[in-house]
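Notes follow once the structure below has been shown.
The values are calculated or read from the model by the stated rules, or taken from the named source; none is laboratory data. Note that the structure is a prediction, hence the values are computed from the model and not measured. Reconstructed Cβ throughout: ideal geometry from the backbone, glycine too, with neighbour counts over all protein chains shown. Note: accessible area is taken over every heavy atom of the protein model, side chains too, but ligands, DNA and RNA are not part of it. Shrake-Rupley method; radii C 1.70, N 1.55, O 1.52, S 1.80 Å.
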Amino acid sequence: MIQCWRLDTPAQTLVLASHNSHLPEVVHWGAPLPEGEGLVALARALQPDVTGGMLDARPPMTVCPLPGDVFPGQPGADIGALKPRLRLEEVVEEAGLLELGFRDGDITYTLTARTHAACDVIELSARMTGARIGWLAAPGLPAPVLADEMIGYAGKWIGEFTAQTIPWRVGAHVREVRDGRTSHEAFPGLVMPARGAGNGTGEVFALHLGTSGGHRMVAEELPDGRRQVLFGPMLSAEGSDDVTAGPLYITCSGNGLNGVMQAMQRFARTHILDFPDTDRPRPVHYNCWEAIYFDHDLAELRDIASLAAQLGAERFVLDDGWFKGRSSDTSSLGDWEVDWDKYPEGLQPLIDHVEACGMTFGLWVEPEMVNPDSDLARQHPDWVFGPADQPLGRHQLVLDMALEEVQAYLFARLDAILSTYPVDYLKWDHNRVLPFPDHRQVGAVYALIDRLREAHAHVEIESCASGGARIDYGILKRTHRVWLSDSNDALERMRMQHEAMLFLPPEIMGSHIGPRKCHTSGRTLSMSLRAWVAAQGHFGFEMDPRELTEGETEVLTRVCDWWKANRGWLHRGLAHRLDTRDRGQRASMTVSADGDRFVVWVGQKETPPHVLPHPVRLTGLAANDRYAVRLVSEDSPIPDWMTRGDMALKRGPVTLSGAALMSAGVSLPYMAPQSIWVLEGTRVA
Ligand code: DGJ
């Protein structure tokens, strides 16, 4: 007997088939099927032949292959020597929800699937109870048959979101994050383009595990040719007898990577992000970290704040160094009260000044951490997570967040700060890895943030972890911005932002103009490049504004004003990545929700391969409408004689049809290495 269920969003259908009440197989994940499709007939039609060199029946590739299944691939759960024969017990089918419950004795397995039709995302999770579970995958999925490669994420500190193309070949590609954080090294996502797919065309599948404690991913091609993808959170070494793996967010697009990106961005906006005030435009940030580091001086900070406000900042963020005894990264984490030596009257005088300048006030914290050189560690050495002799990381240790005393202490300290001072934003940092993964730590951090948000509902939170080591939809359900990277190098940022935008909407991607000479790369890049790259995300700046030249000030304020004038529609718009002939370019565009305007970014990292620049072809426009397109980034780091052509765009707006802009494109002036052109377009009557 075959039982089937289907889940639909406009761009995808997922069909599950259970044979004789066993755990189901996904028999179809892909383009939408017609309403009346015969699902059992489909499951039967997809049954492969039996041939030589195999068992007399094909062991199914279920959503959770188990040791007793005689399945030759990787299992979906680690339950030791147990070989349960799970059978269907319960089915709950409601609009947008499917729940399938299976049992064998004490062991239960529940698959939950929710459809988010308006966003084209399906949310999957698996819960297992009744055994010692060392690992569990969210419901496993088949990978596309007609695909040669997948795109996974590697990376490092100051080099997050490094997309890597991994060929499909027999064997398992296993990615494990064992350091207890989402990690710099492996954003928990996978993109699977079918053969021939690109930014705007072809079939592309994407998955993202929304959890913050590290994950294990298996993308496997079996010797018999089948392919499966398993994604599950890392658990503690002891495991647990009640594990939920997920949510795993999946989408499938028939319009290339852009379809995936638009679905994920829309989903994050609609179902993940929870802003205290949805109507509040993202404020321009000034962050003092790269200006002063630990060197806090009230008079200097006042000067900096005044200048930051003049340049356009709307929120002033006091970074690390404001609390008791914190004059370097060697001490004081855990002692969450103001440093009375640096701030004899507390933070209020600075906040008064910041507010008088018209800005709100944000504060850096790193609640999960403790320095051995702190009052907290001296008083409560037993609150440390992991062995006493573990190596320090940035001179610090992690607190055992699951301890009630730790939760109570941190809540009390943070609550006191937020109750004493008018803080509207916390930059919540997490600068060291855990000695080993522990899912309880993640749950406890989520609980602490949730409690604080309940008590201080107006406070926005940024998820920072030495840059982008904690970016996932789990943390984003309770935070409102990510610090994508500690690198403010605009060239590095251009790449990272281009990759991260597949999963993150621009308004939450913290992006700052850094100092002229980048502190993490040593590169000196033009203000134009730095500012326009920052304007792709949640715009801010964090150099010492007293060091800006007149020219830099002019560009910074112009871009800042431009961003303020456009953020309203940019942060509700539809993002597209653009194909360009020169692979050294990063090109993308955002079209407003009403289609009336757009902005195009074309960034050039290296010297272009040809003397003549190629026209850039746009997308997402109405073919028969006409658009006036003009350059808004007029700054170019090259001498005039290198860009001396009499080009239409240089003289003013060019007006062309959407069809022309999308098929012929428009020629940009010569692109110097390390430069960016930004175009703006408006629909004309
Ligand atoms: C790491 C962050 O990523 C930086 O932006 C800064 O906040 C430092 N920590 C402060 O210690």
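In terms of its alpha-carbon gyration tensor, segment 529-622 comes out oblate; a/c meets the 1.5 threshold, while b/c is at least as large as a/b. On a per residue basis, segment 223-364 carries 34 Å² of accessible surface, using protein heavy atoms and a 1.4 Å probe. In the chain, helices alone account for a calculated mean residue ellipticity at 222 nm of -6000 deg cm²/dmol, with every DSSP H run of four or more residues adding -39,500 (n - 2.57).
Under the classification rounded if a/c is under 1.5, otherwise prolate if a/b is larger than b/c and oblate if not, where does the chain fall, given a ≥ b ≥ c as square roots of the Cα gyration tensor eigenvalues? Because a/c hits 1.5 or more and a/b fails to exceed b/c, the chain counts as oblate. For the chain, a simple Cβ point-charge model (Lys and Arg +1, Asp and Glu -1, everything else neutral) yields a dipole of about 2220 debye relative to the Cα centre.
Accessible area ranking (1.4 Å probe, heavy atoms, ligands and nucleic acids excluded), largest first, for Val433, Val611, Val370: Val611, Val433, Val370. Here is the list for segment 184-281: GluC sites (Glu not before Pro) lying in DSSP coil, each with at most 14 other C-beta atoms within 10 angstrom of its C-beta, are Glu238. Atom-type composition of the exposed protein surface of segment 482-547 places 44 percent of the accessible area on carbon and sulfur (1.4 angstrom probe). Heavy-atom accessible surface of His28, to the nearest 10 Å², is about 40 Å², with a 1.4 Å probe and all protein chains retained.
Extension gain, Arg169 to Val50, is 40.6 nm, computed as 0.36 nm per intervening residue step minus the present C-alpha separation. With the highest mean first, a sort of the peptides 395-401, 651-657 on other beta-carbon atoms found within 10 angstrom per residue produces 395-401, 651-657.
Rolled with a 1.4 Å probe across the full set of protein chains, the surface gives Ser21 an accessible area near 30 Å². Shape class for segment 222-337: oblate, because the ratio a/c of the largest to smallest gyration tensor axis (alpha-carbon atoms, square roots of eigenvalues) is 1.5 or more and b/c is at least a/b.
Heavy-atom accessible area per residue, segment 99-198, 1.4 Å probe: how many Å²? Walk me through the intermediate numbers first.
Details: 3580 Å² over 100 residues.
Ligands and nucleic acids excluded, the result is 36 Å² per residue.
Rolling a 1.4 Å probe across the protein heavy atoms gives segment 445-562 an accessible surface of 25 Å² per residue. Using the alpha-carbon centroid of each, what span in Å lies between segment 444-500 and segment 256-290? Rounded to whole Å, the Cα centres lie 11 Å apart. 3J(HN,Hα) along segment 546-561: 6, 9, 6, 7, 4, x, 5, 4, 5, 5, 4, 5, 5, 5, 4, 4 Hz, from the Karplus curve 6.51 cos²θ - 1.76 cosθ + 1.60 with θ = phi - 60°, whole Hz, x for Gly and Pro.
When both segment 419-433 and segment 338-400 are represented by their alpha-carbon centers, they are found 9 Å apart. What a 1.4 Å probe finds exposed on segment 15-63 is 54% carbon and sulfur by accessible area, rounded to a whole percent. Projecting the Cα atoms of Ala113, Thr165, Pro144 onto the dipole axis of segment 112-203, where Lys and Arg carry +1 and Asp and Glu carry -1 at the beta carbon, places Ala113 farthest toward the positive end. The listed peptides 91-99, 373-381, 294-302, ordered by packing as a protection proxy, come out as 373-381, 294-302, 91-99 (highest mean of other Cβ atoms within 10 Å first). So, with a 1.4 angstrom probe, what is the percent of accessible area on segment 81-210 that is carbon and sulfur? About 50 percent, which is the carbon plus sulfur part of the accessible surface.
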